[in-house]
Amino acid sequence: MARKTYNELHAEISARYPSGQTAGGVSVDDIVQLRLQNTWDTHLDIARDMAKVMRADMAAYDADASKFTQSLGCWSGFHAQQMIKSVKRMRGTAKGTYVYLSGWMVAGLRNRWGHLPDQSMHEKTAVADLIAEIYTSLRQADEVAMNDLFKDLKAAKTEAERKAAIAAIDGFETHVVPIIADIDAGFGNEHATYLLAKELIKAGACCLQIENQVSDAKQCGHQDGKVTVPREDFIEKLRACRLALEELGVDQGVIVARTDSLGAGLTQKVPVSARPGDHASQYIKWLKVEPITEANPIQEGELALYQGGEFVKPVRLPNGLFPFKEGTGRARVIEDCIACLRDGGADLLWIETDTPNVDEIAAMVAEVRKVVPNAKLTYNNSPSFNWTLNLRKQVRAEWVKSKAVPETDFPEGNELMRVEFDDTDLGREADARLARFQTDIAARAGVFHNLITLPTFHLTAKSVDELSRGYFGEDKMLAYVKTVQREEIRRGVSAVKHQHEVGSDLGDTFKEMVSGERALKAGGHANTMNQFAAE
């Protein structure tokens, strides 16, 4: 949303209150500040604006593949807030940075039934609640930062200082960024998907990511036992998401269609084919079948399919599921992607892979792009991969194949994880590839958006473990000061002033707005946050 300038707003409000204040004594300057702190009326307005941001970013990527976008999965508003603050502190802008909302972390950390696996067992409302919480936190970061800029304006003593303060206010860049929201497999049929999608959008999501697994048998993308739905069923859910976006006026909303077919060997349903070449026939052609013979006759209650000029029966497991032919996952992925883009109206693809391999992903995308030339991906740089081991194995295999090193120079298996390989040519080359992995996959495999699904889950576990070892061990307070506070101060992490971070100064400003000299403020000389004033 285009924000009015300080002078525009000041002139507009002053025209209503020429005396400089309302009848109740509220200052025009204070109204201007609060207006500028409140850019959006609702989170739905955020969804509409962030959709435009994503569309512009996608167009920029189409013109230049180095302009890919990134996100980290966040399971609280505070995580998202600190991530965006860090990016702005480092780059001076948050452009190209999004927040990923992971269904895995909602299930594992944000539901009232305790820690649960990524199997759509958490409450639907928990996803929308987290989106709303994230945007509340990002908007509060705006309010706190804008309040600091207005303090500078009030403290200005010369016209030059005043102009500089107003320029800083007008040039302020919001902490609000797009959220890619994981709606799992839709939590039900297409109507349930539509109803939930609306709640996520109203909470602020401009982008919905949905997968082609069966809702009531959904598994984490990196678990076994995944069951996919027929393509026409998935297309109906994509349409449900589009209708939800359009109904709510998010006409530039983005849909990410995720296929789990690479690792999914089962389907729950054999769709009916109405004509050769339709989605159903293209789906069931990959089913594992067996011939109907005198020795293996069709039995009462069994299904028969007519394929290749003869009747066959699909293999059916004791649980009623139907397996696909072994080794067909890659072909099914390519067909899924084409169908989602061409017939489902998806904007981005997500191919869930079992290892991080640029060549393999690029090869699949090349096949998709033969049919849909501008196909783009969101890629999960998943913590489920052992990145160190995978990349070292890839380097070793390439070097051995090219005869750059003999097979005996490096072990072949999990021994490559040993710390002794960190400072070797192989270890350094693997780390170099890790550093450029996202750049390579953006350039070679059409990956517009790189994300890590669960980083803040693992980071929180690691950080708390690190602090606990020292604090409850020998170092006591040194552990906290050395591993937390001292690093916050030296990196310029604003959360070191924790009272200010959660809006204490913002509250003081509001008290002054309504109480003037009577305001009982928290930020006086006795506030211990003053110990960090010089930092």
- prompt: Hey, residue 73 hits all of (1) farther than 20 Å from residue 349 by Cβ; (2) assigned by TED's automatic domain parsing to the domain that holds residue 444 but one; which does it fall short on?
  reply: (1)
- prompt: Limited to segment 489-519, what total is found for residues that are farther than 15 Å from residue 147 by Cβ and in contact with a Ser or Thr (Cβ under 8 Å, 6 or more places away or on another chain)?
  reply: 1
- request: Kindly indicate the residue of segment 135-175 that is part of a helix (DSSP H, G or I) and among the aromatic types (Phe, Trp, Tyr) and also farthest from residue 505 (Cα to Cα) among those meeting that condition.
  value: 135
message: Yes or no: segment 406-420 includes at least one residue that is modelled with pLDDT of 95 or more, assigned to a helix (DSSP H, G or I) and buried (at least 18 other Cβ atoms within 10 Å of the Cβ).
response: yes
- request: Write out, first by first residue and then by second, each pair whose Cβ atoms fall under 9 Å of each other, whose residues are 6+ apart or on separate chains, and whose first residue, in segment 427-439, is at pLDDT 95 or above while the second is part of a helix (DSSP H, G or I) and exposed (fewer than 14 other Cβ atoms within 10 Å of the Cβ).
  value: 427/420
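For every residue, the table says whether it meets (1) in contact with a Leu (Cβ under 8 Å, 6 or more places away or on another chain); (2) outside the structural domain of residue 197 (by TED's automatic domain parsing); (3) without any contact (Cβ under 8 Å) to a residue 60 or more places away in the chain.
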position: 5; (1), (2), (3): no, yes, no
position: 19; (1), (2), (3): no, yes, yes
position: 24; (1), (2), (3): no, yes, yes
position: 37; (1), (2), (3): no, yes, no
position: 40; (1), (2), (3): no, yes, no
position: 54; (1), (2), (3): no, yes, no
position: 84; (1), (2), (3): yes, no, no
position: 109; (1), (2), (3): no, no, no
position: 113; (1), (2), (3): no, no, yes
task: Go through segment 244-285 and give me each residue that's hydrophobic (A, V, I, L, M, F, W, C) and either on the phi > 0 side of the Ramachandran plot or touching a Gly at 6+ places or on another chain (Cβ under 9 Å) (or both).
output: 244, 245, 255, 257, 262, 264, 266
statement: Scanning segment 448-494 for residues that are charged (D, E, K, R) and assigned to a loop (DSSP other than H, G, I, E, B), the one surrounded by the most Cβ atoms within 10 Å (Cβ to Cβ) turns out to be 475
- request: Scan segment 359-383 for residues that are part of a loop (DSSP other than H, G, I, E, B), more than 18 Å from residue 449 (Cα to Cα) and not β-branched (Val, Ile, Thr) and report the count.
  value: 1
- prompt: Of all residues in segment 388-416, which are under 33 Å from the mean Cα position of the chain (by Cα) and under 23 Å from residue 441 (Cβ atoms)?
  reply: 388, 389, 390, 391, 392, 393, 394, 395, 396, 397, 398, 416
message: I'm told residue 165 meets every condition in (1) small (Gly, Ala, Ser); (2) crowded, with 18+ Cβ neighbours inside 10 Å; (3) in the same structural domain as residue 202 (by TED's automatic domain parsing) except one. Can you identify the failing condition by its number?
response: (3)
query: Which of the residues spanning segment 1-57 are under 30 Å from residue 130 (Cα atoms), among the hydroxyl-bearing types (Ser, Thr, Tyr) and surrounded by fewer than 16 Cβ atoms within 10 Å (Cβ to Cβ)?
result: 42
Positions within segment 59-108 being within 23 Å of residue 201 (Cβ to Cβ) and assigned to a loop (DSSP other than H, G, I, E, B), in sequence order: 74, 75, 76, 94, 95, 96, 102
task: State which residue is surrounded by the fewest Cβ atoms within 10 Å (Cβ to Cβ) when the search covers only segment 306-327 and only residues that are touching a Lys or Arg at 6+ places or on another chain (Cβ under 9 Å) and within 18 Å of residue 229 (Cα to Cα).
output: 326
field: Residues that are in contact (Cβ under 8 Å) with a residue 60 or more places away in the chain and either among the hydroxyl-bearing types (Ser, Thr, Tyr) or within 21 Å of residue 450 (Cα to Cα) (or both), drawn from segment 331-344
entry: 333, 336, 337, 340, 341
query: Does residue 141 meet the test of being under 29 Å from residue 60 (Cβ atoms), of a type in the set (A, V, I, L, M, F, W, C) and in contact with a His (Cβ under 8 Å, 6 or more places away or on another chain)?
result: yes
- prompt: Any idea which of 450, 374 is closer than 30 Å to residue 105 by Cβ and touching a residue at least 12 places away in the same chain (Cβ under 8 Å)?
  reply: 450
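The values are calculated or read from the model by the stated rules, or taken from the named source; none is laboratory data. Predicted model, so just to flag it, every value in this text is computed and none were measured. FYI the Cβ positions are ideal-geometry reconstructions off the backbone, even for glycines, and counts take in every protein chain you see.
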